[in-house]
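Computed from the coordinates by the stated procedures, all read-outs in this text should not be read as laboratory data. Keep in mind that this is a model prediction, so the values were computed, not measured. Note that we place each Cβ from the backbone using ideal geometry, even for glycine, and neighbour counts take in every protein chain shown.
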Amino acid sequence: MTATDLPPKIEEALKISLSTLHEAEIECMIGGGLAAWAQGGPPSTRDVDLMVRGADARRAADALAAAGMETEEPPEDWLLKAYHDGVLIDLIHAPVGVPVDDDLFVRALDLDVVAMRTRVMALEDLFTTTLLALNDNALDYGPPLKMARAVREKVDWAAVRSRTGESAYARGFFALAAELGLAELAEPR
């Protein structure tokens with residue numbers, strides 16, 4: 001994936017945050033919309049999501065602060081935040097439905113992203129966390145549908161469906177995807 005697909009501020013925030021964490025020897029991986037983008041999805045224009053282990057989250061925030069970024073500890077207990085030139089960098093250490101552990105890092109892909117070799121969250125893990133995060137207060141099917149359209153042939157949808165089956169919002173996503181003609185996401189008959 002070429003860096004020119006990203007807004008310059010997002011690209012710079014991604015490069016600096018990744019290089020800072022790599023230099024601090026903190027294992028991380030790209031998550032969120034950038035993980036989909038790195039695997040053929042639409043460019044992410046909102047923020048940078050980096051997955052880190054819970055034990056490394058504070059150290060990761062401290063490393064970014066030492067690199068000159070403003071950091072914040074929000075009320076949510078599953079992430080820490082940093083800002084580079086107005087771009088939000090989420091340090092996610094406890095996403096819904098998928099622990100940030102050795103298994104998550106094993107499933108991640110090792111890719112060249114913005115001229116750096118780094119780990120990128122597997123699409124099945126990405127869609128699992130994205131769909132399980134949907135709720136009454138955060139109910140926007142647009143981003144996951146855009147990502148799904150772009151990378152649908154690369155995803156084991158049966159695995160995602162199995163991992164998210166208890167969520168009415170995830171079931172709603174799959175129903176909507178089927179109505180939109182995304183046959184690869186439709187429930188097997």
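Our summary gives the range 33-189 a relative contact order of 20 percent, counting only alpha carbon pairs under 8 angstrom and 6 or more residues apart.
At 0.36 nm per residue, minus the direct Cα-Cα distance, what do Val96 and Asp110 gain on full extension? Give it in nm, one decimal, please. If you can, show how the numbers build up before the last one.
Values: separation 14, 0.36 × 14 = 5.04 nm, distance 2.29 nm.
Length difference between fully extended and current span is 2.7 nm.
For the chain, give the magnitude of the charge dipole about the Cα centre (Cβ charges: +1 Lys/Arg, -1 Asp/Glu; no others), in debye to the nearest 20.
Values: 18 positive and 32 negative charges, 118 e Å.
Dipole magnitude for the chain comes out near 560 debye.
Between the range 116-189 and the range 68-115, the alpha-carbon centres lie 20 Å apart. Put in line by how crowded their Cβ is, counting other Cβ atoms within 10 Å and starting with the fewest, Ser19, Ser162, Ser44 read Ser162, Ser19, Ser44.
Stretching the chain fully between Asp103 and Glu73 yields a gain of 8.2 nm (0.36 nm per residue, less the alpha carbon separation). Legend: calculated FRET efficiency, Glu27 to Asp85, from the Cβ-Cβ distance at R0 = 22 Å, rounded to 0.05, equals 0.30. Against the chain, whose longest principal axis is taken from its Cα atoms, helix 54-66 shows a tilt of about 50°. What base-10 log of the normalised intensity I(q)/I(0) is obtained for the chain from the Debye formula, alpha carbons as equal point scatterers, at q = 0.14, 0.15 Å⁻¹? Debye intensities relative to I(0), on a log10 scale: -0.75, -0.86.
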